[in-house]
Number of protein chains: 2
Amino acid sequence: MQSSNAAVVVFSGGQDSTTCLAWACARWPRVVAVTVNYGQRHQIELTAAREVAKLAGVEQVTLPCDSFRALGGNALTGSEAVADSVRAETGLPNTFVPGRNLILITLAAAFAWQRGITEIVTGVCETDYSGYPDCRESTMTALQAALRAGMDAPFTIHTPLMHLGKADTVRMIRDLGKLDWLAHSHTCYRGERPPCGTCPACRLRAKGFAEAGIPDPLIA
Amino acid sequence: MQSSNAAVVVFSGGQDSTTCLAWACARWPRVVAVTVNYGQRHQIELTAAREVAKLAGVEQVTLPCDSFRALGGNALTGSEAVADSVRAETGLPNTFVPGRNLILITLAAAFAWQRGITEIVTGVCETDYSGYPDCRESTMTALQAALRAGMDAPFTIHTPLMHLGKADTVRMIRDLGKLDWLAHSHTCYRGERPPCGTCPACRLRAKGFAEAGIPDPLIA
């Protein structure tokens with residue numbers, strides 16, 4: 001009962017996964033957005049995910065995962081104050097949850113398996129790598145092999161943003177005619193709406209829109 | 001700060017992972033038993049894990065994972081009555097959580113990463129495969145590659161039971177001088193102690209001890 005006319009999008013409600021959702025909706029007649037609630041510091045991220053999915057007219061499912069918070073020691077789920085600092089001992093940003101994307105994508109794949117869906121879409125991107133090894137293409141290739149073997153299903157992990165810069169990502173969703181979806185997507189590390197404009201995530205987003213010469217509908 | 005003198009054992013408190021714990025303790029001076037609380041139907045499994053770890057004198061850590069229960073539709077965490085039936089639509093036992101071992105081992109690896117440990121031990125076994133694709137050696141090889149790539153660390157997944165029958169597993173822990181640890185390990189699907197003796201898990205365990213010609217200390 002495997003279906004090649006459907007896809008699961010790993011969907012945080014941020015700019016990249018919103019762009020992936022638009023990409024998937026243009027490609028498959030049935031798309032399910034899977035959001036993992038791993039104790040994000042800001043619940044606004046989950047609200048954004050619901051809003052964008054509603055706008056897109058796709059089913060959105062939220063899966064809980066309380067493991068990351070227990071693993072602790074990171075800024076996205078913990079209480080560390082500065083999201084843009086770098087953990088001295090590893091050289092990785094302190095937003096790093098080791099293996100985070102491995103877990104998120106595997107959970108999405110388990111859900112997809114239950115629905116008979118084999119196409120998984122994720123917004124991981126090697127270009128603005130930021131020190132995250134779980135965003136690399138080589139990791140996705142290895143993970144795809146593990147998912148196929150471990151669930152005995154012909155999964156494909158699609159990574160439409162893998163080699164794009166932020167400006168290209170902005171152009172992609174514009175060309176897909178879904179720029180307005182980004183008015184609901186959340187990016188700000190500080191959880192502010194309108195966004196703070198000064199945190200690293202806001203700055204990266206602003207740079208992409210500026211380079212593309214397109215106004216950000218979240219701000220406009 | 002990676003340490004090759006330590007290992008993490010993916011530790012359920014059952015017969016196989018108890019045998020793995022004994023195997024690991026004979027091999028590394030420092031061993032941490034990582035138990036994932038994924039909403040096991042019987043809390044006795046978590047109690048058994050704590051008891052065996054205490055007997056072994058190793059640190060035991062319990063990580064929560066509420067994702068499996070949300071994914072639902074399985075006997076180990078759900079409310080389906082019959083643990084030994086087979087789900088008609090897949091031909092897999094209804095104790096199957098798709099990708100369960102992928103998640104459990106990835107969580108253990110994330111924990112290990114934080115401790116600078118690269119050696120992961122799991123009791124997965126291809127011999128009594130039971131229809132679980134996430135127990136196969138090919139899956140573990142693929143997962144090892146994904147963990148290495150995704151966390152940028154030289155993980156090795158050790159699977160000492162991979163090609164052993166249940167009788168061999170009993171002989172292994174006997175030869176390691178830790179047969180008494182099995183008096184505290186939990187196997188029964190029904191969560192009974194003393195074990196029911198009639199569920200598939202009890203029968204498989206009994207068969208192994210009988211073939212090895214060794215009495216089960218859990219029953220003796």
ask   = Non-local amide H neighbours of B:Thr35 (under 5 Å, H modeled in plane, Pro and chain starts lacking H): which ones?
value = B:Phe11, B:Val61, B:Thr62, B:Leu63
ask   = Where the convex hull is taken over the Cα atoms of segment B:146-202, what is its projected area averaged over directions, in nm²?
value = 6.2
Accessible area of the protein assembly as shown belonging to carbon and sulfur atoms, whole % at 1.4 Å probe = 51
request  = Using per-residue counts of other Cβ atoms within 10 Å, averaged over each peptide, order A:116-127, A:98-109 from highest down.
outcome  = A:98-109, A:116-127
query = Can you give me the relative contact order of segment A:3-212 as a percent, contacts being Cα pairs under 8 Å and 6 or more apart?
reply = 24
Full-stretch length increase - B:Glu192, B:Arg69 - with 0.36 nm per residue and alpha-carbon distance subtracted = 42.1 nm
Residue-normalised accessible area of segment A:3-212, expressed per residue, 1.4 Å probe, Å² = 37
query = What is the Cα convex hull volume of segment A:8-68 when expressed per residue in Å³?
reply = 70
Interface burial for A against B (accessible surface, 1.4 Å probe, total of both chains, Å², rounded to 100) = 3000
note = Shortest first and in nm, the label-point separations between B:Gly191 and its counterparts in the other identical copies (7 Å out along Cα→Cβ) come to 3.5
ask   = Considering only the label points, 7 Å along Cα→Cβ from Cα, what distances in nm to one decimal separate A:Gln114 from the same position in each other copy, shortest first?
value = 2.6
Segment B:Glu137-B:Arg174, extension gain: residue separation times 0.36 nm, minus the distance between their alpha carbons = 10.9 nm
task = Determine the calculated [θ] at 222 nm for chain B from helices alone, applying -39500 (n - 2.57) to every DSSP H run no shorter than 4 residues and normalising by the residue count; nearest 500 deg cm²/dmol.
result = -11500 deg cm²/dmol
inquiry  = Suppose we keep just the alpha-carbon trace of the protein assembly as shown; what are its Rg and Dmax in angstrom?
reply    = 22.8, 77
inquiry  = For B:Asp175, place a label point 7 Å from Cα along the Cα-to-Cβ direction in every copy; what are the distances to the other copies, in nm, shortest first?
reply    = 6.1
remark   = Of the convex hull drawn through the C-alpha atoms of chain B, the volume per residue in Å³ is 112
Rounded to 5, percent antiparallel among DSSP beta bridges of the protein assembly as shown = 5
query = Ordered by residue, what ³J(HN,Hα) values in Hz, to whole numbers, does segment B:17-30 give under the Karplus form 6.51 cos²θ - 1.76 cosθ + 1.60, where θ = phi - 60° and Gly and Pro are x?
reply = 6, 5, 5, 5, 5, 4, 4, 5, 5, 7, 10, 10, x, 10
note = Close lysine pairs (the protein assembly as shown; alpha-carbon distance under 30 Å; 8 or more apart or on separate chains) counted at 12
request  = Could you work out the mean count of beta carbons from other protein chains within 10 Å of each residue's beta carbon in B:66-72?
outcome  = 6
task = Return the average number of partner chain Cβ atoms within 10 angstrom of each residue Cβ along peptide A:113-126.
result = 1
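The values are calculated or read from the model by the stated rules, or taken from the named source; none is laboratory data. All values reported here derive from a predicted model rather than from experimental measurement. Here Cβ is always computed from backbone atoms with ideal geometry, including for glycine, and neighbour counts include all displayed protein chains. The protein model used for the area step is the full one, side chains on, heavy atoms only, and it has no ligands, DNA or RNA in it. Shrake-Rupley method; radii C 1.70, N 1.55, O 1.52, S 1.80 Å.
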